[in-house]
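Engineer: Structure below; questions to follow.
The values are calculated or read from the model by the stated rules, or taken from the named source; none is laboratory data. Please read these numbers as outputs of a predicted model, since none were measured by experiment. Cβ placement follows ideal geometry from the backbone for every residue including glycine, while neighbour counts extend to all protein chains displayed.
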Amino acid sequence: MSTATDKRATEGNAETPTPLTRKGKWGPSSLWSLVAWIAGIVFFFPVLWMVITGFKQEADAYTPTPKIFFAPTLDQYRGVLDSGIGTTLLNSAFATIVSTALVLLLGVPAAFALSLRPVKKTQDVLFFFISTKMLPVVAAIVPLYVIVGDIGMLDNIWTLVILYTAMNLPIAVWMMRSFFLEVPSELLEAASMDGASLWTSVREVILPLVSPGIAATSLICVIFSWNEFFFAVNLTAVQAQTIPVYLVGFITGQGLYWAQLSAAATFAALPVVLAGWFAQNKLVRGLSFGAIK
């Protein structure tokens, strides 16, 4: 009886790991986490420095050695707000939001047709879409300028809406097609057997599944439209001025106004950063959609 009890006690003690047999606190995963944090801080530091510089006076911002300790002020941010940045932000927001909505309205059905309901010579159609991105924009600016001038659309925000839609549509079709390809075609067949129409099947079954992909595609289009400079500076530089064109105004013959430029750049980057922040969950799911089977 005593021998059996001792044997069970010995086995119980063997199953409990001692502190010496446990893994150390620092392992490969912890090391990679540390590397990731360091890389993130390094990449984020220029943005942080831009925000901090916006709180400096010009004398503190333009120094041979970076000035860490200074008396913060809101003069630069007030000056940027008084200089009319609100109009340029509204122009950029209008062109970005409307063009992104048009891209989704046209690109999602096209991507659906090329994936779950393919047409003849699908690869040729896809190559045609992506081939439009191979033309350098500088080679197209002269005919575009002539056409836009002839129809009286110079310095008009709707010109940028049309151009941004055409610019982002090929990318949206390619991205959305990859997301649609991950949806099993059996889902449409099952919905059809239940009596659902094609539109009902797409609205109730397909779109909820690819919503992370739609969010990722939308954010990519927003970033490309918001940051576009070449078309904006050549076709709509005064009345329909966008935020990238506005930022160039701080580069003058007398030099650079670093503090004001940093404050204006902070205002310019804030909407896109907030959009990515609020959509980060669906964005991560969308960028990794189909990566794990």
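Engineer: Could you please find all residues in the range 74-109 being more than 29 Å from Q260 (Cα to Cα) and exposed (fewer than 14 other Cβ atoms within 10 Å of the Cβ)?
Structural biologist: L105, the sole residue that qualifies.
Engineer: Still on this model: When residues of the range 78-130 are filtered for being touching a Lys or Arg at 6+ places or on another chain (Cβ under 7 Å) and closer than 23 Å to A232 by Cα, how many remain?
Structural biologist: 0
Engineer: Looking only at the range 226-252, filter to residues that are in a helix (DSSP H, G or I) and polar (S, T, N, Q); which one of those is nearest to the chain's Cα centre (by Cα)?
Structural biologist: Out of the qualifying residues, it is N227.
Engineer: Something else: From the list K56, K67, which one is in a loop (DSSP other than H, G, I, E, B), at pLDDT 85 or above and either among the basic types (K, R) or farther than 10 Å from Q260 by Cα (or both)?
Structural biologist: It is K56.
Engineer: Sticking with this structure for a sec: Under 6 Å between Cβ atoms, at least 6 apart or on separate chains: pull out the pairs that start in the range 217-231 with a residue that is more than 15 Å from V173 (Cα to Cα) and end on any residue that is among the aromatic types (F, W, Y).
Structural biologist: S225/Y164
Engineer: Kindly provide the set of residues from the range 120-152 that are in contact (Cβ under 8 Å) with a residue 60 or more places away in the chain, hydrophobic (A, V, I, L, M, F, W, C) and surrounded by 13 or more Cβ atoms within 10 Å (Cβ to Cβ), ordered by number.
Structural biologist: V137, I141, L144, V148
Engineer: Considering the range 47-80 alone, what residues qualify as being closer than 27 Å to A240 by Cα and without any contact (Cβ under 8 Å) to a residue 12 or more places away in the chain?
Structural biologist: R78
Engineer: State whether the residues of the range 112-133 include one that is at pLDDT 85 or above and out of contact with any Cys (no Cβ under 9 Å at 6 or more places or on another chain).
Structural biologist: For the range 112-133, residues at pLDDT 85 or above and out of contact with any Cys (no Cβ under 9 Å at 6 or more places or on another chain): present.
Engineer: Just give me the residues in the range 249-285 being under 29 Å from A59 (Cα atoms), modelled with pLDDT of 75 or more and not hydrophobic (A, V, I, L, M, F, W, C), in sequence order.
Structural biologist: Hits for the range 249-285 are G249, Y257, Q260, S262, T266, P271.
Engineer: A follow-up question, please. Between S83, S131, which is under 25 Å from the mean Cα position of the chain (by Cα) and not β-branched (V, I, T)?
Structural biologist: Selected residue: S131, the only one of S83, S131 that is under 25 Å from the mean Cα position of the chain (by Cα) and not β-branched (V, I, T).
Engineer: OK, next. So, restricting to helices (runs of 4 or more DSSP H) that lie completely within the range 146-225, which ones have at least 1 residues that are within 25 Å of the chain's Cα centre (by Cα), on the phi < 0 side of the Ramachandran plot and not basic (K, R)?
Structural biologist: Output list reads 157-180.
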